[in-house]
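Inspection log for the structure reproduced underneath, given as structure tokens.
The values are calculated or read from the model by the stated rules, or taken from the named source; none is laboratory data. Just so it is clear, the model here is predicted, and its values are computed rather than measured. Positions of Cβ are backbone-derived with ideal geometry, glycine not excepted, and every protein chain shown enters the neighbour counts. Heads up: the accessible areas ignore ligands, DNA and RNA and are worked out on the full protein's heavy atoms, side chains in. Shrake-Rupley method; radii C 1.70, N 1.55, O 1.52, S 1.80 Å.
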Amino acid sequence: ALAQTADGYLWLGTEEGLVRFDGLNFTIFDKRTSGLNASIITALLVDNQQNLWIGTTANGLFCLKNGKFTSYGLKNGFSNNNVEALYEDESGTLWIGTDGGGLIRLRNGSFHVFNKTDGLADNAVLSITGDRHGAIWVGTHGGLSRLKEDRFVNFGVQQGLTSDFVHSVLVDHQGTLWIGTSEGLCRMSPSGDISQLT
């Protein structure tokens with residue numbers, strides 16, 4: 001994982017901890033050197049307040065704010081501590097994708113978990129993005145999910161995707177949704193038409 005904060009530091013997520021690069025030197029943040037009680041860093045996000053969010057394997061989520069790490073996980077209502085994806089929407093809501101624990105929303109200091117029982121395509125969330133209409137798009141092991149006003153609509157092979165295993169999602173400036181699956185690239189137009197680009 002990679003991220004850059006406004007102070008110019010480049011942050012790297014590795015299998016041996018978090019690394020900060022200032023252009024000349026590397027500084028390691030891990031269990032031995034900091035309050036970051038995690039080794040495998042899977043996702044990084046700088047939010048609109050310039051806080052650095054750090055997703056980990058097995059140790060949940062951390063936030064680096066004013067030089068201090070704060071941890072979030074099972075104690076905060078997470079259903080799984082394996083974080084795979086992070087996304088902040090235009091309202092400042094943080095979305096957290098977990099490997100087996102569904103999609104987690106952090107809004108106004110409160111966490112809420114969405115999973116298959118709520119309509120999410122699968123509880124293994126690999127990627128998250130949002131569009132200009134306020135919808136959140138979620139790539140999972142079981143297809144693509146669209147969340148708006150707490151309701152899910154799912155898309156998969158039957159709707160034109162090349163595979164139900166969705167690795168990555170991105171909305172471009174024209175409103176087109178790009179969908180990377182295990183079988184190739186797909187495109188969903190703003191009108192909802194899906195085309196395959198394999």
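When region 48-57 is filtered for residues that are open to solvent by 30 Å² or more (accessible area, probe 1.4 Å) and either outside any loop (DSSP other than H, G, I, E, B) or within 20 Å of F29 (Cβ to Cβ) (or both), the ones remaining, listed by number, are Q49, Q50, T57. Note on region 58-79: residues that are part of a loop (DSSP other than H, G, I, E, B), in contact with a strand residue (DSSP E or B) (Cβ under 9 Å, 6 or more places away or on another chain) and open to solvent by 30 Å² or more (accessible area, probe 1.4 Å) total 3.
Would you be able to tell me the number of residues in region 73-91 that are within 14 Å of the chain's Cα centre (by Cα) and farther than 16 Å from T57 by Cα? Looking only at that region, the number is 3.
For region 23-47, filtered to residues that are part of a loop (DSSP other than H, G, I, E, B) and touching a Phe, Trp or Tyr at 6+ places or on another chain (Cβ under 6 Å), the residue that is nearest to N81 (Cα to Cα) is L36.
Cβ separations smaller than 7 Å between residues 6+ apart or across chains give the following pairs from region 161-180 residues that are free of Cβ contacts under 8 Å to residues at least 24 places away in the same chain to residues that are acidic (D, E): S163/E183; W178/D172.
Across region 152-198, the qualifying residues are those that are β-branched (V, I, T) and in contact with a Cys (Cβ under 7 Å, 6 or more places away or on another chain), and the one among them that is least open to solvent (accessible area, probe 1.4 Å) is I179.
Between V125, V113, the distinction of being touching a residue at least 24 places away in the same chain (Cβ under 8 Å), of a type outside the set (S, T, N, Q) and farther than 18 Å from I41 by Cα belongs to V113 only.
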